[in-house]
Amino acid sequence: MAIPILNHLNFNSKSELQNAILHTTTSGSASDVEGKILYDTGSNTVKYYNGSSWISLTAATSVTVSDNSGSTAMPVVFHDESNNLHDDTGAFTYKPSTGEVIATTFTGALTGNVTGNASGTALTVTQAAQTAITSLGTLTALTVDDVAIDGKVITMTGSSGDTATLTAGTNGTLAITTTDAAAAAANITITADGTFEAIGSTVTLDSGGAINLEPAAGSAILLDGTISVDAGVVTGATSITSTAFVGALTGNADTATLATNSTHVLVTDNESTDEENAIAFVEGATKNASGQVGLESDGTLTYNPSSGTVTATVFSGNLTIGGHTVDDIDIGSEFNDVDDHLMSSGAIKEKIEGYSYITASSSDTLTNKTIAASQVTEISNITAGEGAQIENIGSTTISATQWGYLGAASGAITNTDVDVNIANLTARLPQITESVTIGDATDVVVTTSGNLVVTGDLTVSGDTITANVGTLTVEDKNIVLNYASGSDTSSTANGSGITIQDAVDASNDATILWDATNDEFDFSHAINVTGTIEASGAITGNLTGNVTGNLILDGNTISGIDDSGEFTDDDNHIMTSAGVQDKILGYGYTTDANVTHRTITAGGNTLAGSETLAFTAGSNVTITESAGAVTITSTDTTTNTQLATAAALIDVSAMDGDNVASFTHSLASQNLIVQMYDTTSGLVVHADVDHTSTNAIAITFANTGAELVTAGIGDIRVVVIDAVNGLSDKTVSYS
């Protein structure tokens, strides 16, 4: 239902009525009130009532223009794309007495005679007839923009000193000359939107440089109507004669005479140039049917004449050196023990160390080393200097023949010192540059009485690390548990953490362990935190200490605690026992343990035994007793000014020809809320309310009582509410 507005709305020429929709009906269904406006759904037009009839607001199809011959320059009216009329006062005018059209600028062709001087930076004549421009005399010279016509010469200036000249000479000759003052690029470009033809008894192209003929892509240069040159390929020529051809000749030469040396290629000698030359090779895997093949080369297969070096990415096949054929190289840990294989230095080292041989330079001394009997038999071809480095070779006896290999006198070499010299060990250990294994597959214990310093990384591959130290110091700020490089260890993360043995007693350890099922850390014992604990999720368990923020207990959010003297009456607050006691005592209850609390019901209660009933009078409360009857009386004289009301009923039919209804509400205030509603329809109605005094109001309607009755308005109930009378005003901020 629409809201009845029973008086005028004044927007004070400032406020807008935005997004308003007119009343949709038909003019035949609406009441005839002067000034009423509506949208007629029958004709789909906006209409208003002028006091006698409904007028449609439609776009005008014609404008009546009156004749005017005045001498005043008046604005010319023009319309936009939406056919709205406009004018530009002063900038576009028309003077009827002279027929002058005045504007700042005219763009486009002017048809008709132009009387007077034409001024400006340029003048364009669009009429084709030459008589359109008449000179007062003979034009001996004419300059238009940068084009000068002087006799038989037309000179066009492109830039300062740079010109293009057309000169007509004797017998109708025409010379086109371009000049560039800087001698840079006075080029001539002729662009034809169609066919360009140069026709003459003789056409001469005389160029100081190259002559470029560049047809469009897909087109060719046609000579003599038959010879075509397309992308460097000449076709249609019956013969081409030259004393020398430069570059490759490709294509079929079925009728060409074969060269007498077609089976040979002339090669010049080159033995000293230090350069990488490509080596030619035959294309394809086999020759073609005619026995002809092509030569190819690859930048990765080259020969250097200076060094005699052949370079390729890979050499494949057997290698013959000094009459010995080699078909493979053993590398790494390979050892095939065949004479047609060579070995890399890495493979030789692997093999020697696999025999437990000792590698040493000529300056190293082998001290307290053991060589097995089977290994001794393999020592040969050792120089005297190398043999002098070997001493104390265990208990193995070297034969006189073997000793001769060592370059020493005959006799047995025996181990005379089974211990490693401390000085030698101290000197040699820092010289170790490769990985060293201490001990065999069984457990080996390495003990040092002093400090052990590891300057590199320490990797322990065992299962248990035992640190019997008083203080363990770790510089790294992050200790990673359950680690495995490049692997997902989430399946073994459960139970990871820290265990303190015998933390409580011999039977009770303390732990901080990861619970993978619930994605949480589990502490085996209580946590004592001297600072602040912040948590974004739930904290489960007992809390001792200060808690900042909300606390959730059994699904209820606790945001505060009311203590002594506080009572916020808020379900999100809990109360201390002192706060509860203060509230009980504030109600007049007693905390005396000897007093039995009973519920007092209408009609009275009977006290049992020696029970007594105690009453405590509070503020503005009086308690009296007579013959066992207790009377409690409130002496509070405070008047509730928060809400006071008054009401009145406006009899619309009794108002008849009047349009103002007044009554006295006696609330002694103008801080009032006034609301009206139609008692017949129940709709809230609006009218102008004027506070004529602090105890009375006057209500003004736009219509008389009789008109309201005709419009179907029933009696109007007026309710007046005193809104917070007597309170001080709050501070108002403005923006």
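The values are calculated or read from the model by the stated rules, or taken from the named source; none is laboratory data. All figures in this text were calculated on a predicted structure; none of them were measured in a lab. Cβ: placed from backbone, ideal geometry, glycine included. Neighbour counts: every protein chain shown.
Counting the residues of the range 502-536 that are aliphatic (A, V, I, L, M) and over 24 Å from residue 552 (Cβ atoms) gives 7. Name the single residue that is surrounded by the most Cβ atoms within 10 Å (Cβ to Cβ) among those in the range 425-483 being of a type in the set (Ser, Thr, Tyr) and closer than 26 Å to residue 513 by Cβ. Looking at the filtered set, the residue picked out is 483. Being of a type in the set (Gly, Ala, Ser) and assigned to a strand (DSSP E or B) is the filter here; which residues of the range 695-712 pass it? Hits for the range 695-712 are 696, 698.
State whether one or more residues within the range 165-177 are under 60 Å from the mean Cα position of the chain (by Cα), in a strand (DSSP E or B), closer than 20 Å to residue 146 by Cα and at pLDDT 85 or above.
Filtering the range 165-177 down to residues under 60 Å from the mean Cα position of the chain (by Cα) leaves none.
Among the residues of the range 165-177, not one is under 60 Å from the mean Cα position of the chain (by Cα), in a strand (DSSP E or B), closer than 20 Å to residue 146 by Cα and at pLDDT 85 or above, which makes the answer no.
Are any residues in the range 510-523 part of a loop (DSSP other than H, G, I, E, B) and either touching a residue at least 24 places away in the same chain (Cβ under 8 Å) or more than 21 Å from residue 494 (Cβ to Cβ) (or both), and if so, which ones? If the condition is that a residue be part of a loop (DSSP other than H, G, I, E, B) and either touching a residue at least 24 places away in the same chain (Cβ under 8 Å) or more than 21 Å from residue 494 (Cβ to Cβ) (or both), then 516 is the only one that fits.
Residue check: residue 499 meets all listed conditions (1) at pLDDT 85 or above; (2) part of a loop (DSSP other than H, G, I, E, B); (3) hydroxyl-bearing (Ser, Thr, Tyr) but one, namely (2).
Only one entry in 644, 648, 608 is surrounded by 13 or more Cβ atoms within 10 Å (Cβ to Cβ) and either at pLDDT below 85 or outside any strand (DSSP E or B) (or both), namely 644.
Apart from one condition, residue 669 fits all of (1) within 16 Å of residue 644 (Cα to Cα); (2) surrounded by fewer than 15 Cβ atoms within 10 Å (Cβ to Cβ); the exception is (2). Taking the conditions (1) over 44 Å from the mean Cα position of the chain (by Cα); (2) in a loop (DSSP other than H, G, I, E, B); (3) surrounded by 10 or more Cβ atoms within 10 Å (Cβ to Cβ) in turn, residue 526 satisfies each one other than (3).
For residue 679, the criteria (1) closer than 14 Å to residue 717 by Cα; (2) buried (at least 19 other Cβ atoms within 10 Å of the Cβ); (3) over 60 Å from the mean Cα position of the chain (by Cα) hold in every case but one, which is (2). Put simply, of 250, 255 the only residue that is more than 60 Å from the chain's Cα centre (by Cα), farther than 30 Å from residue 341 by Cβ and modelled with pLDDT under 80 is 255.
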